[in-house]
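The values are calculated or read from the model by the stated rules, or taken from the named source; none is laboratory data. Note that the coordinates shown come from a computational prediction; the quantities given were computed from them, not determined experimentally. Don't worry about glycine lacking a Cβ; one is built from the backbone with ideal geometry, like all the others, and counts go over all protein chains shown.
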There are 6 protein chains.
Amino acid sequence: MRPSKRAPDEMRPVTLERGVVRYAEGSCMVTFGETKVLCAASLEERGPGWLRGTGKGWVTAEYAMLPRATHERTRREVNSGKPSGRTQEIQRLIGRSLRAVVDLHAIGERQIVVDCDVIQADGGTRTASITGAWVALHECFAWMMKRSIISVNPLRDHVAAISCGIHQGKPVIDLDYAEDSAAETDANFVMTGSGGIVEVQGTAEGKPFSEEELLGLLRLAKAGVANLVEKQKQAIA
Amino acid sequence: MRPSKRAPDEMRPVTLERGVVRYAEGSCMVTFGETKVLCAASLEERGPGWLRGTGKGWVTAEYAMLPRATHERTRREVNSGKPSGRTQEIQRLIGRSLRAVVDLHAIGERQIVVDCDVIQADGGTRTASITGAWVALHECFAWMMKRSIISVNPLRDHVAAISCGIHQGKPVIDLDYAEDSAAETDANFVMTGSGGIVEVQGTAEGKPFSEEELLGLLRLAKAGVANLVEKQKQAIA
Amino acid sequence: MRPSKRAPDEMRPVTLERGVVRYAEGSCMVTFGETKVLCAASLEERGPGWLRGTGKGWVTAEYAMLPRATHERTRREVNSGKPSGRTQEIQRLIGRSLRAVVDLHAIGERQIVVDCDVIQADGGTRTASITGAWVALHECFAWMMKRSIISVNPLRDHVAAISCGIHQGKPVIDLDYAEDSAAETDANFVMTGSGGIVEVQGTAEGKPFSEEELLGLLRLAKAGVANLVEKQKQAIA
Amino acid sequence: MRPSKRAPDEMRPVTLERGVVRYAEGSCMVTFGETKVLCAASLEERGPGWLRGTGKGWVTAEYAMLPRATHERTRREVNSGKPSGRTQEIQRLIGRSLRAVVDLHAIGERQIVVDCDVIQADGGTRTASITGAWVALHECFAWMMKRSIISVNPLRDHVAAISCGIHQGKPVIDLDYAEDSAAETDANFVMTGSGGIVEVQGTAEGKPFSEEELLGLLRLAKAGVANLVEKQKQAIA
Amino acid sequence: MRPSKRAPDEMRPVTLERGVVRYAEGSCMVTFGETKVLCAASLEERGPGWLRGTGKGWVTAEYAMLPRATHERTRREVNSGKPSGRTQEIQRLIGRSLRAVVDLHAIGERQIVVDCDVIQADGGTRTASITGAWVALHECFAWMMKRSIISVNPLRDHVAAISCGIHQGKPVIDLDYAEDSAAETDANFVMTGSGGIVEVQGTAEGKPFSEEELLGLLRLAKAGVANLVEKQKQAIA
Amino acid sequence: MRPSKRAPDEMRPVTLERGVVRYAEGSCMVTFGETKVLCAASLEERGPGWLRGTGKGWVTAEYAMLPRATHERTRREVNSGKPSGRTQEIQRLIGRSLRAVVDLHAIGERQIVVDCDVIQADGGTRTASITGAWVALHECFAWMMKRSIISVNPLRDHVAAISCGIHQGKPVIDLDYAEDSAAETDANFVMTGSGGIVEVQGTAEGKPFSEEELLGLLRLAKAGVANLVEKQKQAIA
């Protein structure tokens, strides 16, 4: 039995709400159960310096947690002077995942920054962030097209993510914090709407895992991402 | 006529919602019109080192804005390695304001940190933060009393804050961003439930102001804070 | 009786000595009793980037204390990697105060930096800094006019500052360190030569203060600033 | 044809040389073709604070590149004040990989730090680091057993790592810099001597990859790691 | 002819004034011509951690320049987050020089920090600092002896310093800024009252110098330091 | 007897091996006994900003130690956010020493950075670095001449360095770590192939030294540097 009483292939309730902040060009509040992330996409007319003259734009992401998103208060990273290694890993992952489905030439020499700020953290903040960031990005591109800043939608596909893990020897999907802490293996899958894999990150926390177990996790993830893509479609409808 | 079309002594709609995040000992989402701040109070069993052995506790505050709380995206302070001067000024003000109505001995050698994270910024974020932080702190103390961590409520009074300013020569209350940018004088007042002044900060942005103008602003502020204290009473009822 | 044995409305002896360092375009050593601040104004031909093309200049200030200006040695801020919150608050206040009486267009696209370095600290360092910085700035503008860098004096008025406080229930002026540590309320007033208020910052250290008390402090401050403006006039004569 | 002219399943020549620096408790110079990493294991009698009283030890890793390990000189990270996101990702990966095969209780409350310094970088520096770090760690544990600091070897298995990728549509193993830059998909596999998977990190640089492609890479990696484990056995013989 | 019109062996007027700041246990304002440094010695009851239990104390120094000590304003080092290489070199030199004549056991487990803050810089700030720091340290030890904190004066000898250089092929003493900028060789000598050498630092700015030239500089320095030691004796009399 | 059993004027075995890393324009592995430093010279087409338009180039150096170059592991400086004072002193010394024998105009507006990374540290790392850096720089200039980037070799002479010290009252050359720790006086000499002195840095660690002792050290250094210059000639032959 999972601590959450969910079936192995049962995800938590997912919500994706668009337009949640007033000033951003695109935004989405995403919840995976008690995990809650505010994603805001900002258009910046100046892309990074190293793209000047290439005709290409850029999509990047930043990630942070409010100090009391967590069970115990977490110290603000600004007070230690730099983002932690974990924060950097996650924001690099979100950025790569989004760029995998964006035609950077279609943006022109601009930059979209998607900020993912975790309001409440109960496991799966990075996968929720990717899933919500896509909706915020979609809203941002719609905003740009409406104002004729771009004429073609740079989004080529959906992208969404889900965590899977081996918990008491069994593959399970969408781990909450309690399950994640107890899992032997923890894996995050980022996949597109057409089922391609963008990123796999699997880590044995306890004993190593086998090829079969990896495939079991992948199977769960495929169904989960398909489900998330459906939710994204409803959110942008 | 004010840009907001409000009467000179008319505040924006104010809401104070308790219990908005799951893990904090106390929390409050406060809105002053479009300004929206999430306040979360965290109990830390270890107070700051310099209080060890004094029997006294501490209340402190931290303040930050989400990057896209603002009209234009603001760079995260973690990326410049330190909180800006403005952030430090504000969080010191919030902490001082709260401590003015707390009996620090009644807390014991513990620390309460109140995090004020601005979700949306349309002027008055520091005054909204103080007003909402008081509610979060009240909830935190209630939580502590229920668990018999403390036996006496350390809160001695309400504290709330409001900004006033001179706009086109006329004193007005609760300036939004557009009004604030155009005001000749900008003042923040922090006052208690019993009408005492905890902090006055008045700044001439353009030409200096007179004693009469200062008194006009103070008069507006008194009424405004009384109004906010009423809202706090409803919120904790 | 005040610890300093002064009458409630009695300031410490004030001196303002011009031309104390050889290389600065303007300088002033200011003393308020045992408090001693070296103010040096530097003309920089390049203003800050965000003013380029506006025809406007800028006046800014920096503030620091020598490590042994204080009763106990204070750690150098360079060793903790950044100016403290207190330092930033003070230097922002000095800069705002000076700009309140300067016609920034008359400077052209240049910047004046006024460095206020506290040699000895016995309370009131920020008010002494503002008062002395004005003299250094005046000397700097005179230097620029003599060399025809500018043709009109950008200074529109005097600006000076004084601290007042409530000590054992009584409003007193120009608190030294011992008085400041014991005061219930502490307020700084920045005012112009013509009596306008540029900045008021009043803080209750202990119990909140009343409107009457605030007015009592303001009355003391007015007389004090008028006195300081007289000293400034003598200093630049 | 691969740029390196190697067959798809052909690794570069691998060497593992023990005892290459005089003062470290364990060390290994590892080369994968032109990639060359110096791994040094240091025993520290004091483990990290959060392990005090648990009877458990810790193994951690740090990773850096000499500035001219690369084709173009890379700026030292000390000059930007902090390790880059990439550096942090890699050193966290090396640490996790080593800990997966170490019995932390058998170390006692001590810490082993394995420094991986890249002397020359031609792709695969993180996989070479893991592979060489294991040898340095083995030597360190042997040193500790010889001195009776520990009585049981804490190493439970080998651990080694290899990169694979999809290059012009074909899965290939052990990519050098030129191949890595051109690969559509890049994956790193960390596996144990008994064939268990410790970590999989697969990233689509261009178009998403399929489950079949992932399995193709995994197959190559298994053979590659088995080969590396053989080399480790020879190195410690 | 030297730019300063001085004879090759002619130093600038030197003054050493004790007791210039109120709170420091020892202080000295030192001038070498237009160069002016405020030295303040602070007794700290807690020595550095690494001396605990050794019965030994420590003497250290910190060095800084006021921003407008120089011809052009220099940026505060706190704003770049760390002391520059030059600052660190100089403060290490001052500390070493003082420790060379102090019996660290006679201090007990305490620390004396000597702050050298340059008020005005016209060449030779490090040699003036050392010379003045010795006087401040002497005053600090006298203060400690008077209060019976120590019973034996830890100072074993005088220490003072002078710069020499080769200017247009001729050895000259005590270079001012203009001479220093034009010198081919620049050397600093730190020597004791009894004529021993504590530190020699000679640098060819242009062409290398010979053994004879080094000896010529040393000869000038000996006479110069003897002169400075005389001044120190007068200052402490 | 020296701890190393060497005669007072006997240096450790010295090796200088060119071309040790693949990508650098010039490189040299230098050993002085157990001390081992990897020197790599990198050509950068863009010189520092302040040389723009002068027609002059620049040669600079950076220095670091691998964490386990030392007997006890040393913390990476990147983790404390900045190079230590010692590191900065050494890299400034290496840069000055190299520039003393380079015609900066002959380089054009380019920069050569010589990285000196200490692989193993047994005393004398800065003198070994200078000696090896010269060989790396020579190789870099040869590389540039071969490609007609420059037409004249900018190197005007050799430069090499050796440490000397007074150990148990006797001048000795090329101190290893054990000797260096016990020496009363420690001096580093940087000299050219033609015998000119570029830099002398002598420090009394215990009691001050005399002019005669300084001359004794200089005599040893002259012979030592002549020897090193011979080795350099062989290395570049």
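For the reader, a short list of remarks on this structure follows.
- Test for F:A237: is it of a type in the set (A, V, I, L, M, F, W, C) and under 16 Å from F:A7 (Cα atoms): no
- Any chance E:T54 is under 19 Å from the mean Cα position of the chain (by Cα), touching a residue at least 40 places away in the same chain (Cβ under 8 Å) and not in a strand (DSSP E or B): no
- Within region C:58-84, the set of residues being assigned to a loop (DSSP other than H, G, I, E, B), free of Cβ contacts under 8 Å to residues at least 60 places away in the same chain and on the phi < 0 side of the Ramachandran plot comprises C:L66, C:T70, C:E72, C:R73, C:T74, C:R75, C:R76, C:K82, C:P83, C:S84.
- Of the candidates A:Q88, A:Q120, the single residue that is buried (at least 16 other Cβ atoms within 10 Å of the Cβ) and in contact (Cβ under 8 Å) with a residue 12 or more places away in the chain is A:Q120.
- Residue match in region F:148-160 (condition: under 14 Å from the mean Cα position of the chain (by Cα) and within 11 Å of another protein chain (Cβ to nearest Cβ)): yes
- Check on D:A136, within 14 Å of another protein chain (Cβ to nearest Cβ) and buried (at least 22 other Cβ atoms within 10 Å of the Cβ): yes
- Of all residues in region B:199-236 being over 16 Å from the mean Cα position of the chain (by Cα), outside any loop (DSSP other than H, G, I, E, B) and of a type in the set (D, E), the one that is farthest from the other protein chains (Cβ to nearest Cβ): B:E212
- Condition met for A:E44 (away from chain D (no Cβ under 14 Å) and in contact with a Cys (Cβ under 8 Å, 6 or more places away or on another chain)): no
- The number of residues in region F:46-66 being aromatic (F, W, Y) and modelled with pLDDT of 95 or more comes to 2.
- Within region C:19-46, tally of residues that are of a type outside the set (V, I, T) and surrounded by 18 or more Cβ atoms within 10 Å (Cβ to Cβ): 15
- Among the residues of region B:132-162, those identified as part of a loop (DSSP other than H, G, I, E, B) and either in contact (Cβ under 8 Å) with a residue 24 or more places away in the chain or aromatic (F, W, Y) (or both) are B:I149, B:I150, B:V152, B:N153, B:P154, B:R156, B:D157, B:H158.
- Residue count, region C:139-155 (criterion: of a type in the set (D, E, K, R) and either farther than 23 Å from C:V21 by Cα or surrounded by fewer than 16 Cβ atoms within 10 Å (Cβ to Cβ) (or both)): 2
- Residue list for region E:67-92, restricted to those being more than 17 Å from the chain's Cα centre (by Cα) and either modelled with pLDDT under 90 or facing chain F (nearest Cβ under 10 Å) (or both): E:V78, E:N79, E:S80, E:G81, E:K82, E:P83, E:S84, E:G85
- Residue check, F:R2 in contact with a His (Cβ under 8 Å, 6 or more places away or on another chain), part of a loop (DSSP other than H, G, I, E, B) and crowded, with 18+ Cβ neighbours inside 10 Å: yes
- Subset of region A:156-186 [crowded, with 21+ Cβ neighbours inside 10 Å and among the aliphatic types (A, V, I, L, M)]: A:V159, A:A160, A:A161, A:I162, A:I166, A:V172, A:I173, A:L175, A:A183
- Among residues of region E:50-66, those that are within 14 Å of chain F (Cβ to nearest Cβ), of a type outside the set (A, V, I, L, M) and surrounded by 17 or more Cβ atoms within 10 Å (Cβ to Cβ), counted: 3
- Search result, residues across region E:93-119 that are of a type in the set (V, I, T), within 14 Å of the chain's Cα centre (by Cα), more than 10 Å from every other protein chain (Cβ to nearest Cβ) and within 20 Å of E:L43 (Cα to Cα): E:I94
- Residues of region F:187-198 that turn out to be surrounded by fewer than 22 Cβ atoms within 10 Å (Cβ to Cβ) and either more than 9 Å from chain E (Cβ to nearest Cβ) or within 23 Å of E:A160 (Cβ to Cβ) (or both), as a count: 1
- F:I90 satisfies every condition listed in (1) part of a helix (DSSP H, G or I); (2) within 25 Å of F:I150 (Cα to Cα); (3) in contact with a helix residue (DSSP H, G or I) (Cβ under 6 Å, 6 or more places away or on another chain); (4) of a type in the set (A, V, I, L, M, F, W, C) except (2).
- Qualifying residue in region E:173-183 (condition: under 18 Å from the mean Cα position of the chain (by Cα) and within 14 Å of another protein chain (Cβ to nearest Cβ)): yes
- A:S97 at pLDDT 95 or above, in a helix (DSSP H, G or I), touching a helix residue (DSSP H, G or I) at 6+ places or on another chain (Cβ under 7 Å) and under 15 Å from A:V198 (Cβ atoms): yes
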